[in-house]
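*Asks:* If you scroll down you'll find the structure; I have some questions about it.
The values are calculated or read from the model by the stated rules, or taken from the named source; none is laboratory data. Since we're looking at a predicted model, the values are computed, not measured. Cβ: placed from backbone, ideal geometry, glycine included. Neighbour counts: every protein chain shown. Ligands, DNA and RNA are stripped out before the accessible areas are found, and what is left, the full protein with its side chains, is counted by its heavy atoms. Shrake-Rupley method; radii C 1.70, N 1.55, O 1.52, S 1.80 Å.
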Amino acid sequence: MKKLTSAETRQMFLDFFKSKEHAVEPAQSLVPVNDPTLLWINSGVATLKKYFDGSVVPENPRITNVQRALRTNDIENVGKTARHHTMFEMMGNFSIGDYFRKEAIAYAWELLTSPEWYDFPAEKLYVTYYPEDKDTYQRWIEVGLPEDHLVPIEDNFWEIGAGPSGPDTEIFFDRGEAYDPESIGLKLLAEDIENDRYIEIYNVVLSQFNADPAVPRAEYKELPQKNIDTGMGLERMVCIIQGGNTNFDTDLFLPIIHEIELLSGKVYDPTGDDMSFKVIADHIRALSFAIADGALPGNEGRGYVLRRLLRRAVMHGKRLGIQGKFLSKLVPVVGKIMQSFYPAILEKTDYIEKIIEREEETFLRTIDAGSKLLDDLLEKLENEGKTEVDGADIFRLYDTYGFPVELTEEVAADAGFGIDHAGFEAEMKQQQERARAAAVKGGSMGAQNETLQSIKVDSEFLYETHQAKGKLLVIVQNDAKVDEAVGEAQLVFSQTPFYAEMGGQVADHGVIKDMAGNIVATVSDVQHAPNKQNLHKVEIVDRMFVGETYQLEIDEIRRNEVMKNHTATHLLHAALHNIVGQHALQAGSLNETDFLRFDFSHFAPVTKDELNEIERQVNEEIWKGTPVTTIETDIETGKKMGAAALFGEKYGKIVRVVSIGDYSVELCGGTHVKNTSEIGLFKIIKEEGIGSGVRRIFAVTGQKAYEAFKAQENLLLEAATALKAPQAVQVPNKITALQEELRAAQKENEKLSAQLASAQSAEVFANVQTAGKHSFIAAEVKVAAAGDLRQLADLWKQKKCSDILVLVAALEGGKVSLLVASAVADKKAGDLVKVLAPFIDGRGGGKPDMAMAGGSKAAGIPDLLAHVAENI
């Protein structure tokens, strides 16, 4: 077996499959693009679904990749087991309708055992297969695997709902009897017993059936296009190649662990249970990559995942004795480990550190709040005479505040309380089931459309024309090719001026005419067929025939409005980089006829001043009248020109580079204006958050921008009229004057309320009653607002009239307000208000010395007052 670094292991995989004529698919962002079914890219094949379901046909049907992926459904196992990770790298080779079982198994065997490649001892390899898949069994025998190294497993069949499915065959490496202390042997594999001896290193999925939940598996139909989908976990391979006890004992993790040793003053023991080192090392990798890919910590979705990972890592740092912020110091270490294949981590180190450091600061404050919550919870349990912390409360501390169960248990034990472990595990199980259910939703692939895949004709899109003659090559109607049609259909022409929706730009609309100039069809949408032809969705009003030539004419007004918005989007993107920062990466866009929408990564709302400056910069570039130029070149030359490739966009060998002077340079396949002056005017309508770390800007151009400005002007004039301001410029001064008048009136109201409270206090405070050993005052009072009750309470506190005060008032609108104040330690206002509030159909709470509640049942006030004594 060759001794390799992780970088060499990764590169060897790609080099092997390049030698087998595979195209290397670039690694994609962890944040899915145009796939709402996934929270994260969670497998090597996740970014290739469009090829497997046939919606896109790749240039080369043989593909290989190394794709970073992230899964968090088993986060609690990270650090406990030898091989669980949140972020991991999956190496894979794929065949889209090209080679199948015979070649896939031969490639796997050669890659693993050939002295030219990984050079694994053949006798150390064992293989599982689906019992009904006799062809796979026979193929393994043919390549040289002994029969006693083949293990049938019923679960070796891959399917997730309807769609592509098939048997799979898994390759395991035998690490020897040292990892099998009970000498169980091959039974570990046959019975799927969790073990550290037989390590799965490679999985080959033979996608050959179209799964149908309505029929037995034996009746699944064969796919029109059989595919190969494989996965080899880099972390596991490196562990075996480098002889690590666990995946963490390799050059992918040990440099991080050594840095944690320096920060903590503790020593990592590879043979011991050093869970905290492993958790921190795993989580900082996931955080670094996810943030570099545009995700940010937050309260929902993928942002919540990152926040939870960070908080878990911080808490494990505390367990190692690390005080204060430390995680950001590990980011450069991650960058150096990954720099050969993922240079973006080092390039974005400052930004990643900034985000992590800011989040750590927030969490350190949160820890104090969580500690107080736990202290309050224990005090409450003590008052209630309980001896155990409920599992749901433990889970809330763990899930919301990042408190490890062990820490909660330690604090609780010090206070004399036990822990409801069973309840906590039940809550954890529910969360895991929710996470797994969510993961499954995005795992399946759509069924293949054989008709569209079979369209292999050449078709050219004409960028620079609005009208063109085109020969009708294909008609698809009711999912079948036909020679003639009327009604709804899909058409492919030899050439077309109609733009197919792509890159955020909507499709062209228009008409199709016969050569006599008569309209024979209207075009309502254009999409790319699997083999990249422009597929026109039409309503045919006069029968059309394959082989005939037609005149294709786009709606020029629609195209022009869309072009304005598309070019303005490029200007907006550049302005965001200039003003907000280079981290403001495009996360989606839509260029419609009457507006543009642009999504970008950013960790906070864009300020009013920033929006004003963005708007000013974009308009400045429009008014300069800068030419918009487009050249076609290869992608490497395009990048050298300064054009950035966007995640989620698939670029061919030849790309279009769109330049707006030296202000903006982007790779883009869309259509644009010739000069920025054609845009006319740019106006931002709204900026909002649409998810954790993702902001969205809506804007308009040209006539729509003028109308937006005019609408704002009309609102200002209406305000001027209402304020009796002779001119619109006087509106701010008028508003300021009104605000000052309002503040003066509010102060006068407060003064009158205080006088009213003082006038009532003499009568109210004179009626002191007794309940047990405590004195109390309970009364209904007349006040204008709930805040007036607090003024009475302040007077009561100053005069020390009784131990407890209960005031209730009926307010305008049918509302009722209740206040309870306590001057004695054994009677808490918060407890008493919760007992009394139901009498007025209310609820509330507060501190031990003062609490309030709001209700809606004024008729319950007499009953409330009648029950004060007994509740005291």
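*Asks:* Here's a check for you: in the range 792-847, which residue that is over 23 Å from Lys773 (Cβ atoms) and charged (D, E, K, R) is most open to solvent (accessible area, probe 1.4 Å)?
*Replies:* That would be Arg843.
*Asks:* Here's something else I'd like to know. Looking only at residues that are open to solvent by less than 50 Å² (accessible area, probe 1.4 Å), of a type in the set (A, V, I, L, M) and part of a loop (DSSP other than H, G, I, E, B) in the range 445-456, which one is modelled with the lowest pLDDT?
*Replies:* Met445
Residue-by-condition table, conditions (1) assigned to a helix (DSSP H, G or I); (2) under 24 Å from the mean Cα position of the chain (by Cα); (3) surrounded by fewer than 22 Cβ atoms within 10 Å (Cβ to Cβ):
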position: Thr246; (1), (2), (3): no, no, yes
position: Ile257; (1), (2), (3): yes, no, yes
position: Val267; (1), (2), (3): no, no, yes
position: Pro270; (1), (2), (3): no, no, yes
position: Ala295; (1), (2), (3): no, yes, no
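*Asks:* Which one of these does Val523 not meet: (1) at pLDDT 95 or above; (2) farther than 15 Å from Arg543 by Cα?
*Replies:* Answer for Val523: the failing condition is (2).
*Asks:* Now for a separate question. Counting only residues that are within 25 Å of His573 (Cβ to Cβ) and in contact with a Gly (Cβ under 6 Å, 6 or more places away or on another chain), which one in the range 503-535 is least open to solvent (accessible area, probe 1.4 Å)?
*Replies:* Gln505
*Asks:* A further question follows. Filter the range 136-151 down to the residues that are surrounded by 15 or more Cβ atoms within 10 Å (Cβ to Cβ) and not aliphatic (A, V, I, L, M), then identify the one that is nearest to Leu188 (Cα to Cα).
*Replies:* Ranking the qualifying residues of the range 136-151, first place goes to His149.
*Asks:* When you scan the range 848-870, how many residues do you find that are more than 14 Å from Glu780 (Cα to Cα), surrounded by fewer than 17 Cβ atoms within 10 Å (Cβ to Cβ) and of a type outside the set (D, E, K, R)?
*Replies:* Total meeting the criteria: 4.
*Asks:* Would you pick out the residues in the range 585-620 that are hydrophobic (A, V, I, L, M, F, W, C) and part of a loop (DSSP other than H, G, I, E, B)?
*Replies:* Leu585, Phe595, Phe603, Ala604, Val606
*Asks:* For the range 589-603, state whether one or more residues are free of Cβ contacts under 8 Å to residues at least 12 places away in the same chain and open to solvent by 10 Å² or more (accessible area, probe 1.4 Å).
*Replies:* Scanning the range 589-603 turns up no residue that is free of Cβ contacts under 8 Å to residues at least 12 places away in the same chain and open to solvent by 10 Å² or more (accessible area, probe 1.4 Å).
*Asks:* Scanning the range 743-791 for residues that are hydroxyl-bearing (Ser, Thr, Tyr) and at pLDDT 90 or above, which turns out least open to solvent (accessible area, probe 1.4 Å)?
*Replies:* Ser775
*Asks:* Taking the range 194-217 as the search range and keeping residues that are without any contact (Cβ under 8 Å) to a residue 12 or more places away in the chain and either open to solvent by 60 Å² or more (accessible area, probe 1.4 Å) or among the charged types (D, E, K, R) (or both), which one is farthest from Glu132 (Cα to Cα)?
*Replies:* Glu194
*Asks:* With the condition being closer than 30 Å to Asp274 by Cβ and touching a helix residue (DSSP H, G or I) at 6+ places or on another chain (Cβ under 6 Å), I'd like the strands (runs of 3 or more DSSP E) fully within the range 63-157 carrying at least 3 qualifying residues.
*Replies:* Per the criteria, 87-96.
*Asks:* Restricted to the range 609-642, and to residues that are open to solvent by less than 50 Å² (accessible area, probe 1.4 Å) and of a type in the set (A, V, I, L, M), which residue is nearest to His672 (Cα to Cα)?
*Replies:* Here the answer is Val628.
*Asks:* What's the number of the condition His577 fails, among (1) touching a helix residue (DSSP H, G or I) at 6+ places or on another chain (Cβ under 7 Å); (2) free of Cβ contacts under 8 Å to residues at least 12 places away in the same chain?
*Replies:* (1)
*Asks:* If you check Asp98 against the conditions, is it at pLDDT 90 or above and touching a strand residue (DSSP E or B) at 6+ places or on another chain (Cβ under 6 Å)?
*Replies:* So Asp98 fits the description; yes.
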